[in-house]
1. Listed residues V113, V108; which is touching a residue at least 60 places away in the same chain (Cβ under 8 Å), open to solvent by 10 Å² or more (accessible area, probe 1.4 Å) and assigned to a strand (DSSP E or B)?
2. Condition first: of a type outside the set (D, E, K, R) and in contact with a strand residue (DSSP E or B) (Cβ under 8 Å, 6 or more places away or on another chain). Now tell me which residues in the stretch 63-82 satisfy that.
3. Please go through the stretch 43-100 and give me each residue that is open to solvent by less than 70 Å² (accessible area, probe 1.4 Å), under 19 Å from I115 (Cβ atoms), in a loop (DSSP other than H, G, I, E, B) and in contact (Cβ under 8 Å) with a residue 24 or more places away in the chain, ordered by number.
4. Test of understanding: among T20, T36, T103, which residue is touching a helix residue (DSSP H, G or I) at 6+ places or on another chain (Cβ under 6 Å) and open to solvent by 20 Å² or more (accessible area, probe 1.4 Å)?
5. Which of the following residues is modelled with pLDDT under 95 and touching a Gly at 6+ places or on another chain (Cβ under 9 Å): R25, R43, R98?
6. Output the number of residues of the stretch 70-120 satisfying the condition of being closer than 16 Å to E53 by Cα and of a type in the set (A, V, I, L, M).
7. Out of all the residues in the stretch 23-33, which are in contact (Cβ under 8 Å) with a residue 60 or more places away in the chain and either in contact with a Ser or Thr (Cβ under 8 Å, 6 or more places away or on another chain) or open to solvent by less than 70 Å² (accessible area, probe 1.4 Å) (or both)?
Amino acid sequence: MQSFDTKDSDSASEIRNRQTMIAGRVEDLPVGSRKTVELPGGRELALVNVNVEFYATGNFCPHKGAPLAEGMLCEHVIECEWHGWQFDVRTGECLTVREKIETYEVFVEEGVVKILIGAS
């Protein structure tokens, strides 16, 4: 009988290769709010608070580049303010057309909101 290793040996090293970005304090991002988080190298993320659950996505709409952090947030859907494209912040899936934006893991540690960036 063949033996299978069910542990993902690459996942631990991938997590170690990711960087943690401090995005701010929980109290500075109230429920329903959006915030632009600038990354080194000029990249930006949109950070949102949905019922005290934090999500981070790429900040720019793939249609015309509008900043998503400035769009309307309704539950888990953020809408681009320029042309109305809608994205689920949990998955990055576009609800309007067949597009997708990047999503990032977010966690809270001692009241500080942190985002894992890099290879995942």
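1. Numbers: V113 fails: open to solvent by 10 Å² or more (accessible area, probe 1.4 Å).
One residue alone meets the criteria, V108.
2. Answer for the stretch 63-82, where residues must be of a type outside the set (D, E, K, R) and in contact with a strand residue (DSSP E or B) (Cβ under 8 Å, 6 or more places away or on another chain): A66, P67, L68, A69, G71, M72, L73, H76, V77, I78, C80.
3. Hits for the stretch 43-100 are G71, H76, V89, G92.
4. Values: T20 fails: touching a helix residue (DSSP H, G or I) at 6+ places or on another chain (Cβ under 6 Å); T103 fails: touching a helix residue (DSSP H, G or I) at 6+ places or on another chain (Cβ under 6 Å).
On inspection, the qualifying residue turns out to be T36.
5. R43
6. Residues that pass the stated criteria total 10.
7. First pass over the stretch 23-33, keeping only residues in contact (Cβ under 8 Å) with a residue 60 or more places away in the chain: 23-27, 29.
Scanning the stretch 23-33 gives A23, G24, V26, L29.
The values are calculated or read from the model by the stated rules, or taken from the named source; none is laboratory data. Just so you know, these numbers come straight off a predicted model, no measurement behind them. So basically every Cβ, Gly included, is an ideal-geometry build from the backbone, and we count neighbours across all protein chains shown. With ligands, DNA and RNA removed, areas are computed over all heavy atoms of the protein, side chains included. Shrake-Rupley method; radii C 1.70, N 1.55, O 1.52, S 1.80 Å.
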